[in-house]
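Please find one structure pasted underneath; my questions will follow.
The values are calculated or read from the model by the stated rules, or taken from the named source; none is laboratory data. Keep in mind that what you see is a predicted model, and the values were worked out from it rather than measured. Note: ideal-geometry Cβ built from the backbone for every residue, glycine included; neighbour counts use all protein chains shown. For accessibility, only protein heavy atoms count, side chains too; no ligands or nucleic acids. Shrake-Rupley method; radii C 1.70, N 1.55, O 1.52, S 1.80 Å.
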Amino acid sequence: VWEQILTKMKETLAESAFKWFKSVKPISLTATGLVLSAQNDLVKDWITSHYLTIIEDAVGAVLGSKRKVDFLVLPSVQPEPEPEPAKPEKDADSTQDTKEAKEAAGHSSRKKEDPNQGTLFQEQPPAPVDNGDMHIVAPGDRSSLNPKYTFETFVTGSSNRFAHAAAMAVAESPGKVYNPFFMYGGVGLGKTHLMHAIGNRVLQNHPEMRVLYVSSEQFTNEIIRAIQEGKAELFRQKYRTIDVLMVDDIQFLSGKQSTQEEFFNTFNALHVADKQIILSSDRPPREVQKLEDRLRSRFEGGLITDIQAPDLETRIAILKNKALLDHVDVPNDVLMFIANRIDSNIRELEGALTRVVAYASLINKPVTTDVVAEALKDVFPNSHKKEVTLEVIQEIVATYFKIRIEDLHSKKRTRSIAFPRQIAMYLCRELTDTSLPQIGNFFGGRDHTTVLHAYDKIAKEREENAKLHKIIKDLIESIQKM
Ligand code: ADP
Ligand code: MG
């Protein structure tokens, strides 16, 4: 019947327009409606907005009565070449075409130079639009995966090392090691980044695999719509074809009964078939409120790993990495300044750096801590809450070395006191923007050269002495927490 409809449409459509229907397949035909597949949202939207009446007329003509025509986004099955419904003589491998069309979204290199086809989507589609629908990532199409979120751009530290290692293992053997793989942690700590990294790596290793990344909202919306439109079965079919399913922020499924029900079924179908399932949440499964017990126990059946807020060193490493990727040169003390003030959200951390760099170029000044303080004052009004004071530093240092605060201010030069004092001076210079004379003055009216000497000495020893390095790191952490 579809063949007949196509033939009918050919009467009204221009050759070039007909090209749009090459990958369209009939999915279901009922007394009232016809469901067709489209390889992606763009094809679906384009056809719906331009050719819907033509299709409906052709359907009416062939079947004798009108049907409501709907589209379901379903990437073409690979790797078998699809039968060409209309133009077998053109012997183009439509599998290839699909790939190219999708790749063309990112690159303008084209193999065919037929000028008639130049303006067609098949050759040069507009940039994908996120319309809130989910996207199955077909082979060669990474549009729903952010290409910047890779393992290469992910900085590891003690806070995320385990999650990172597990994610790598999952990416290397999807469906084989940890299934499901569940990551949880606070906002902006890299969960979504790791998910995309897994997806990107899987597609790199197995271009034929189907990877679907979807937010919980998208997943919910899709289910609700499928149910409302009586297409639950189609929804299920669509999901059964996935090799790697990633559902982000599943805490938002909380209390959504029918979504959870459908998700449970999807989960089981994929799990039984050894397809990889990756989930994230801002808290562990057992703490997600209003989550069905059976779903929770499914989640707990795989590997659960957490991501913690990064420590100071990791935050600095992340900023350094970002500066490098953005090709901006930012001095270490500036990175330190930012990393000191934003300690629990990597998105904010990176955002601060971006703003500082933008601000500096706007006022045409080099990026210095002064500029940073100015730039961040507007953006993070409570950044001063995190301001480290000399008082806090001396208190922490004195407590750690079990000496009295007065000793730090005294003239005593015994090592048990002079050494902590030098460390305190070092930290004051490193963690605050107080000037050398001010620091000297604070510690018993000492000269600024004494402070500088102390700073250099500790900085050098810190590099050479792992134990001292660790002590300073711990001190910084404690000071940050005050
Ligand atoms: P979440 O999903 O946990 O809320 P995201 O994955 O969206 O967090 O991360 C927020 C931002 O921080 C993203 O731009 C991401 O690239 C970046 N980011 C998070 N963790 C790291 C990391 N370890 N190394 C580099 N960038 C990171
Ligand atoms: Mg996220």
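Summing +1 for each Lys or Arg and -1 for each Asp or Glu, what net charge is found among the other residues whose Cβ lies under 13 Å from the Cβ of Glu406?
+2
Right, another one. Take the cross-link list Lys22/Lys68; Lys19/Lys238; Lys320/Lys412; Lys44/Lys290; Lys44/Lys148; Lys411/Lys460 and give me the ones stretching past 31 Å between alpha-carbons.
Lys320/Lys412; Lys44/Lys290
Please work out the FRET efficiency for the pair Phe162 and Arg240, using the Cβ-Cβ distance as r and a Förster radius of 30 Å; give the result to the nearest 0.05.
The formula returns an efficiency of 0.40 here.
Ok, one more. Near the amide H of Ala38, under 5 Å away, which other amide H atoms are found, from residues 5 or more places off or on another chain, if H is placed in the peptide plane?
Close amide H contacts, sequence-distant or interchain: Leu72, Val73, Leu74.
Also, I was wondering about something else. Compute the distance in nm between two label points, each set 7 Å from the Cα along the Cα-to-Cβ direction, one at Asn221 and one at Ala31.
Roughly 3.4 nm, to one decimal.
Here is a follow-up. Expressed as a whole percentage, what fraction of the accessible surface of the stretch 242-348 belongs to carbon and sulfur atoms when a 1.4 Å probe is rolled over the protein heavy atoms?
For the stretch 242-348, the apolar C and S fraction of the accessible surface comes to 45 percent.
Given 0.36 nm per residue, what is the gain on full extension from Glu477 to Asp45 after removing their alpha carbon distance, in nm?
Once the chain is fully extended between Glu477 and Asp45, it gains 150.2 nm.
Right, here's the next one. Sorted from largest to smallest, which semi-axis lengths in Å does the alpha carbon gyration tensor of the stretch 306-463 give for its equivalent ellipsoid, taking the root of 5 times each eigenvalue?
Each semi-axis is the square root of five times an eigenvalue, giving 31, 17, 14 Å.
Quick check: Cα centre of the stretch 267-289 to Cα centre of the stretch 311-337, how many Å?
34
For a bin width of 10 Å, list the pair-distance distribution of the stretch 401-482 built from all Cα-Cα distances, rounded to whole %.
Computed distribution, short to long bins: 18, 53, 28, 0.
Per the Kirkwood definition applied to all pairs of different Cα atoms, how many angstroms is the hydrodynamic radius of the stretch 298-354?
12.4
Given a 1.4 Å probe, how much area per residue of the stretch 401-481 is accessible, in Å²?
Value returned for the stretch 401-481: 55 Å² of accessible area per residue.
So, R0 is 51 Å and r is the distance between the beta-carbons of Ile363 and Glu391; what FRET efficiency does that work out to, to 0.05?
The formula returns an efficiency of 0.95 here.
Give, in nm to one decimal, the length gained when the segment between Glu261 and Ala61 is fully stretched (0.36 nm per residue of separation minus the Cα-Cα distance).
Full-extension gain reported as 67.9 nm.
Calculate the dipole size of the stretch 165-242 relative to its Cα centre from +1 charges on Lys and Arg beta carbons and -1 charges on Asp and Glu beta carbons; express the result in debye to the nearest 20.
100
Roughly how large, in nm² to one decimal, is the mean projection of the convex hull of the alpha-carbon atoms in the stretch 222-264?
3.2
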